[in-house]
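J.: The structure is given below, and queries will be raised subsequently.
The values are calculated or read from the model by the stated rules, or taken from the named source; none is laboratory data. Predicted model only: the values in this text are computed from it and were never measured. Backbone-built Cβ (ideal geometry, glycine too); neighbour counts: all protein chains shown.
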Amino acid sequence: MKQTARLTPGLVVLILLLLIVLNGLALAWLGWPVFQSNQPAPLQSDPGSPAHPLPATNQPEPTQTASPTPLPATPTFTPFPLHLGDPQVAASLKEQGMLLLALRDGNQVHFFAYHPDLLPLTRLTNTPWDTIDPALSPDGTQLAFSSRQNGYWDLYLLDLRSGEVTRITDTPEYEGTPSWSPDGQWLAYSAYINNNLDIYLRSLTDSSLNPIRLTDDPAADTQPSWSPEGRKIAFVSTRTGDAEIWVADLDRTEGRFTNISQKTTARDLFPIWSHDGQQLAWASAQAGDHLLRIWDNRTKKVFDSSGGTGDRPAWTPDDRILFSAVSAPNQNTLAAYLVGSGMQRMPPLNLPGQVYGLVWVRGPLSGWLLDQINRADTAPHPPLTYPVLTQQAGPPTGRLSMVPLEDVSAPQPMLHDAMDEAFQALRLEAARLSGWDVLSSLENAFIPLTSPPEPTLYDDWLYTGRAFAINPVIYSAGWLAVVREDFNGQTYWRLYLKTRFQDGSSGAPLMEPVWNLNARFSGNPYAYEQGGETDGVPEGYWLDLTELASRFGWERLPARPNWRAFFPGIRFNQFVIRNGLDWNQAMAEIYPPEALATPTSMPTYTNTPTFTLPPTRTRVALSTPTPTFTSTPTPTFRPTLTLPSGFTR
C-alpha cells in the first residue's frame, strides 16, 4: 500500500524558517534605496541661442557636502515619538535631510518636516497666514514659496540657514507655483494677469528687469518645473480642453511647446523633473485611477505604472524614490514608492489636511531649519469647533434632539444637536473668506420622517440631521463651480465658491477645467449620456469650499450610480458629518426603533370583477389543438425520353 507523506508540526516550522531566510536574502540582494545627498548634474552647453530673449542658465558652483549616512539595508521604522537627543538619530537626520510639506493645519497652511525613519510630522512654521508651493533652490539653502502675508498671493524666499524671509513680488495679482533655474538666478512661476494664468520668468539678481512672459495662450498655463539642464520647462496647460503636461523648449521660437502626456481623457497635474533631468513625473487621474506617470527624456515614452499611486509627486535626491500626497474622497495620506517597480517604501501616513506642496530638502541640515526641527512641535492642531449639547440625552432613551439654525432659510432649518456648532463655524469662516454669507440659504438641512420618503430614503443623510445641502441656485447663477473627481468607480465633486471681491485679496484662480452639469440639457447626446461635460477654466478667484468644509469635519458624499440620468442623484451640494456611523446608527440617535421599523408590504385587493367563461367554452378556449401532420409529396425529377419519328415503344 502506497505511503502518503504527512507534514509534521516540526516540518512546517522548518519550511517557514527557510522561506523567511530566502526572503531576507532576496531583499538584501536587491537592496533598498537610501536617501542620499546629491548635487545637481553638470549642465551641458546648448548650441545656438534662442531667437526670443530668454534667460541663460549657467552651471551652479558646486558646494561640498558631507557623505550621507545610509539607511538600514531593510526598511525598519522606529516607533514615534523619536528622541532627537539621541546622537545617532540626530546625526542621521542632519545628513540625510527630510521631506518638507506645505500642509493644511487648522485654518492656515504651514510648513512641516517629515522623515519616514527618523522624524515624525513636525511643524516648522506657525504663522497667521498661508504658505504654499515650496521649491528648493539648486544649492539647497533657500526655499521659494507663495504666501499671502500682506493679504495677496506673492512670492517669497526663505533662507534655511538664517530664517530670513525676502519678498520677491508685490502685486495684487496671484503669483505662485515657483520653480528655480539650475543656476539659481531665475524663477519660473504662474501669475494671474488679465483674467488668465500664464507662466513668467523673473530674475533674482537684477530686480530692474521686467518679468518675461513665457506662455501666451487663452488657456490656463501653470505649475512650471525647470529642467536641471536648464533649457526646458515643463508645465500644465488646458489648451486642449483638459489639463495636460507640456514642455517648452527655451531654445526655440517656432514649435516651442510640445504636449507630452497626450491623455485628453485624464487630468494631469504637478510635473516635477528628476535631479538628473532624465525623467519627468506627474500625477494623472483617469477613470478613477490616480497614478504617478513618468516620462523618459531619452526615449520620449511615458510609463503609466512605474511610479505608484498619488496626486502630487516629489523626488528624493537620488531619484530612486517618489514621495506623493494621495487624496481620497475625504482623507489625505502620504506615500513613498520605489521608482520603476511602484513598491511602497513606507506605510501610508495619514495627514491632518490637504497638501499644498512637498519637496525633499537634502542634507546636511543646519541653522534655522535644524533649530526648528529640534523644537519637535509635533502636537496636532486642536479642532476648530466643539459640539455643545443644548439638551442633554437622558434615560431611558438616550436620544438626541434637533435644534434650529438661526437666520438660515431652508424648508426645515434644523440640525442634530451635536452638528449645529460645526455648521455655524463653517458658515462664519466661509463668509469671512468669500465675502458673502453663502450658507444663509440652504436647499435643505433636515428632512423629518413625516415627509414623503424618496426612493433613496435609506442613504439620504438629510434624514439623520447630520447633513445639509447648499442652495443649487448658486450654481445656476454662476457663483459655484464643480470639478469632477472619480475614486475607484465612484464620482465625487469638489465645489469652488466665487469670492465677492475679485481683486486677489481672497480665493485663488482655478488651474483645471470644471464640469458643466447643465450641459446635459444642451441637446448634445454625448453630454446627456455622460451627465454633463468638461468645461473650460472659469475666470476669477475662487474658494475651495470642499476643503474648507473638511476643516470642520464635513464630508462630501458620492454621486449615486444613476446620477447621469437622475439629476437629484448627483448630490454635488451635500455635506455630512458621519463620525464613523452608518445611516441606521445615525437614525437611531434621534428616532426610536419603532419609528424605523419597516412594515411588510401587503398585496392590494381591488373590487374589479373578473369575467369567467362558461365551463364548455372555457375548455374549448383553454384546450390546445393537436397538430395534424399531412405528408407533402416531394417532387422527383424523371427524364422524358423522346423517340424518333416512326419508332414506337
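J.: Would you point out the residue of the range 90-140, among those that are assigned to a strand (DSSP E or B) and β-branched (Val, Ile, Thr), that is farthest from the chain's Cα centre (by Cα)?
T.: Thr122
J.: Which of the residues spanning the range 332-366 are modelled with pLDDT of 95 or more and farther than 18 Å from His115 by Cβ?
T.: Within the range 332-366, Asn332, Gly353, Gln354, Tyr356 qualify.
J.: Name the strands (runs of 3 or more DSSP E) wholly within the range 171-234 that hold at least 2 residues that are out of contact with any Pro (no Cβ under 6 Å at 6 or more places or on another chain) and surrounded by fewer than 21 Cβ atoms within 10 Å (Cβ to Cβ)?
T.: 196-203
J.: Select from the range 334-352 the residues that are within 28 Å of Gln574 (Cβ to Cβ) and surrounded by 17 or more Cβ atoms within 10 Å (Cβ to Cβ) and list them in ascending order. Quick ask: steps written out before the conclusion?
T.: Initially, the range 334-352 is screened for residues within 28 Å of Gln574 (Cβ to Cβ), giving 348, 350-352.
Passing the criteria: only Leu351.
J.: More than 18 Å from Asn573 (Cα to Cα) and surrounded by fewer than 17 Cβ atoms within 10 Å (Cβ to Cβ): is that true of Asp459 in this structure?
T.: no
J.: May I ask you to list the residues in the range 397-437 that are part of a loop (DSSP other than H, G, I, E, B), under 34 Å from the mean Cα position of the chain (by Cα) and more than 16 Å from Ala469 (Cα to Cα)?
T.: Residues satisfying the conditions are Asp417, Ala418, Gly435, Trp436.
J.: Based on this model, can you work out whether Leu158 counts as more than 26 Å from Gln502 (Cα to Cα) and part of a strand (DSSP E or B)?
T.: Yes: the conditions hold for Leu158.
J.: Another question, then. Regarding Ala248, is this residue crowded, with 17+ Cβ neighbours inside 10 Å, closer than 27 Å to Gly489 by Cβ and at pLDDT 95 or above?
T.: no
J.: Does the range 308-318 include one or more residues that are in the same structural domain as Gln223 (by TED's automatic domain parsing), buried (at least 20 other Cβ atoms within 10 Å of the Cβ), acidic (Asp, Glu) and within 20 Å of Asn350 (Cα to Cα)?
T.: yes
J.: Counting residues that are among the charged types (D, E, K, R), which strands (runs of 3 or more DSSP E) fully inside the range 309-361 reach at least 1?
T.: 312-315
J.: What is the one condition in (1) modelled with pLDDT of 90 or more; (2) over 21 Å from Val165 (Cα atoms) that Leu370 does not satisfy?
T.: (2)
For every residue, the table says whether it meets (1) under 24 Å from the mean Cα position of the chain (by Cα); (2) under 25 Å from Glu512 (Cβ atoms).
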site	(1), (2)
Trp153	yes, yes
Arg167	no, no
Pro172	no, yes
Trp180	no, yes
Tyr189	yes, yes
Ser208	no, no
Leu214	no, yes
Gln223	yes, yes
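J.: Can you tell me how many residues in the range 429-454 are in contact with an Asp or Glu (Cβ under 9 Å, 6 or more places away or on another chain) and surrounded by fewer than 19 Cβ atoms within 10 Å (Cβ to Cβ)? Give the steps one after another, and end with the answer.
T.: Step one: filter the range 429-454 for residues in contact with an Asp or Glu (Cβ under 9 Å, 6 or more places away or on another chain), giving 430-431, 437, 440, 447, 453-454.
Still in the list and also surrounded by fewer than 19 Cβ atoms within 10 Å (Cβ to Cβ): 431, 437, 440, 453-454.
Final tally of qualifying residues: 5.
J.: Consider only pairs whose beta carbons are under 6 Å apart and that are at least six residues apart or on different chains; among these, list those whose first residue lies in the range 299-321 and is basic (Lys, Arg) and whose second residue is modelled with pLDDT under 90.
T.: Matching pairs, first to second residue: Arg320/Pro33.
J.: Here's another thing I want to ask about it. If we scan the range 256-277, do we find a residue that is β-branched (Val, Ile, Thr), surrounded by fewer than 23 Cβ atoms within 10 Å (Cβ to Cβ), in contact with a Gly (Cβ under 6 Å, 6 or more places away or on another chain) and without any contact (Cβ under 8 Å) to a residue 40 or more places away in the chain?
T.: For the range 256-277, residues β-branched (Val, Ile, Thr), surrounded by fewer than 23 Cβ atoms within 10 Å (Cβ to Cβ), in contact with a Gly (Cβ under 6 Å, 6 or more places away or on another chain) and without any contact (Cβ under 8 Å) to a residue 40 or more places away in the chain: absent.
J.: If you check Glu529, Glu594, Glu589, which single one turns out to be under 23 Å from Thr264 (Cα atoms), surrounded by fewer than 20 Cβ atoms within 10 Å (Cβ to Cβ) and of a type outside the set (Phe, Trp, Tyr)?
T.: Result of the check over Glu529, Glu594, Glu589: Glu529.
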